[in-house]
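Trainee: One structure is given below, represented as structure tokens, and several questions about it will come after.
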Amino acid sequence: MALEPEVVETLSPMVRRITANNPGVFTGPGTNTYLVGDGNVTVIDPGPAMDTHAQAIADAPGTITQIIVTHTHLDHSPGAQLLQKKLGVPAYGLIAAYPQHQDPTFKAAALLKDQQIIEGKDFRIRVIHTPGHASNHLCFLLEPGGMLFSGDHIMNGSTVVIRPPDGNMSAYIDSLRKLKGYPMTAIAPGHGAVLEDPYSAVDWIIQHRLEREKKILESLRTTGQGTSDSLVEAVYEDVDSSLFPIAKWSLESHLIKLLEDGEISKTGNEYYS
């Protein structure tokens, strides 16, 4: 997905996108920042601490009045501080339960709440708490219109890494199911292009995660026991081995969920079905 960096792209009369020039394994083509509103603008996910990206946001047409963040990982929220220095606008979001790998510069003027409505001119944004990828993860639903700004809860071109302890697989799957109760028309992800079939995308991710769980259980039943190192090779055989250290984070989240569900047991570093 070739998204041109630092260029304002119009997605609808109410929504524009600027993709940061930070492509990579975790970020795909780069982090998407969304500008919502015609005139007075709400910025969703100002991205990494990159002066070029902050300047591209500040130079976009309209008057930025506030910033909201889906979560505080380092590719999504540090740009808030840069924009605030330029514009003096408030930022809103949540604080993660665990400080590791979070943005220490993010200061929320107020904490957002599940189902809170953020009012704009000719639009509303509904806050939906979707923990899983991060404990403080939020999705934002544009009303009217139904575009869901999904942050890292749903990405285009890759599945999301769930890294314990702040990442939680049970919460992630529950949050995916929660989204199916909202009138979505499209998903605007934190990375990659817009997903035009939101419910199919959500269903696919849920099924994909449950299939990973099934492979864990099948592997443990076949071998009798396993460690996270041995299981990652069996469960993620479709993934390049260079990515096993990253896949292992999600694997461990699956193992925690299966332990909580009573599907497996653990002694030391060994897991048993």
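The values are calculated or read from the model by the stated rules, or taken from the named source; none is laboratory data. None of the values given here were measured: they were computed from a predicted structure. In this analysis, Cβ positions are derived from the backbone assuming ideal geometry, glycine residues included, and neighbour counts consider all displayed protein chains.
Trainee: Can you name the number of the only condition in (1) at pLDDT below 95; (2) closer than 23 Å to residue 72 by Cα; (3) aromatic (Phe, Trp, Tyr) that residue 172 fails?
Mentor: The failed condition is (1).
Trainee: Hey, among 246, 162, 187, which residue is outside the structural domain of residue 135 (by TED's automatic domain parsing) and of a type in the set (A, V, I, L, M, F, W, C)?
Mentor: 246
Trainee: Going by the structure shown, is residue 89 assigned to a strand (DSSP E or B), touching a strand residue (DSSP E or B) at 6+ places or on another chain (Cβ under 9 Å) and assigned by TED's automatic domain parsing to the domain that holds residue 18?
Mentor: Considered against the rule, which asks whether it is assigned to a strand (DSSP E or B), touching a strand residue (DSSP E or B) at 6+ places or on another chain (Cβ under 9 Å) and assigned by TED's automatic domain parsing to the domain that holds residue 18, residue 89 comes out as no.
Trainee: While we're on this one: Of all residues in region 3-45 being without any contact (Cβ under 8 Å) to a residue 40 or more places away in the chain and surrounded by 22 or more Cβ atoms within 10 Å (Cβ to Cβ), which is farthest from the chain's Cα centre (by Cα)?
Mentor: 41
Trainee: For region 227-258, enumerate the residues that are hydrophobic (A, V, I, L, M, F, W, C), in contact (Cβ under 8 Å) with a residue 12 or more places away in the chain and within 16 Å of residue 209 (Cβ to Cβ).
Mentor: 231, 232, 235, 246, 247, 249, 251, 255, 256, 258
Trainee: Residue 19 - would you say it is within 28 Å of residue 167 (Cα to Cα), hydroxyl-bearing (Ser, Thr, Tyr) and in contact with a His (Cβ under 6 Å, 6 or more places away or on another chain)?
Mentor: No: the conditions fail for residue 19.
Trainee: Turning to a different aspect of this structure: Give just the number: which of (1) surrounded by 17 or more Cβ atoms within 10 Å (Cβ to Cβ); (2) among the charged types (D, E, K, R); (3) within 22 Å of residue 105 (Cα to Cα) does residue 51 not satisfy?
Mentor: The single condition residue 51 does not satisfy is (1).
Trainee: Turning to a different aspect of this structure: Look at residue 210 and say whether it is in contact (Cβ under 8 Å) with a residue 40 or more places away in the chain, out of contact with any Pro (no Cβ under 7 Å at 6 or more places or on another chain) and not acidic (Asp, Glu). Walk me through how you get there before you give the answer.
Mentor: Numbers: in contact (Cβ under 8 Å) with a residue 40 or more places away in the chain: no; out of contact with any Pro (no Cβ under 7 Å at 6 or more places or on another chain): yes; not acidic (Asp, Glu): yes.
In short, no.
Quick grid of which residues meet (1) part of a strand (DSSP E or B); (2) buried (at least 16 other Cβ atoms within 10 Å of the Cβ):
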{"site": "167", "(1), (2)": "no, yes"}
{"site": "170", "(1), (2)": "no, yes"}
{"site": "174", "(1), (2)": "no, no"}
{"site": "187", "(1), (2)": "yes, yes"}
{"site": "192", "(1), (2)": "no, yes"}
{"site": "203", "(1), (2)": "no, no"}
{"site": "211", "(1), (2)": "no, no"}
{"site": "216", "(1), (2)": "no, yes"}
{"site": "221", "(1), (2)": "no, no"}
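Trainee: Tell me the residue from 235, 239 that is at pLDDT below 95 and crowded, with 21+ Cβ neighbours inside 10 Å, please.
Mentor: It is 235.
Trainee: Report yes if residue 158 is touching a residue at least 12 places away in the same chain (Cβ under 8 Å), of a type in the set (Ser, Thr, Tyr) and not in a helix (DSSP H, G or I), otherwise no.
Mentor: Details: touching a residue at least 12 places away in the same chain (Cβ under 8 Å): yes; of a type in the set (Ser, Thr, Tyr): yes; not in a helix (DSSP H, G or I): yes.
Answer is yes for this residue.
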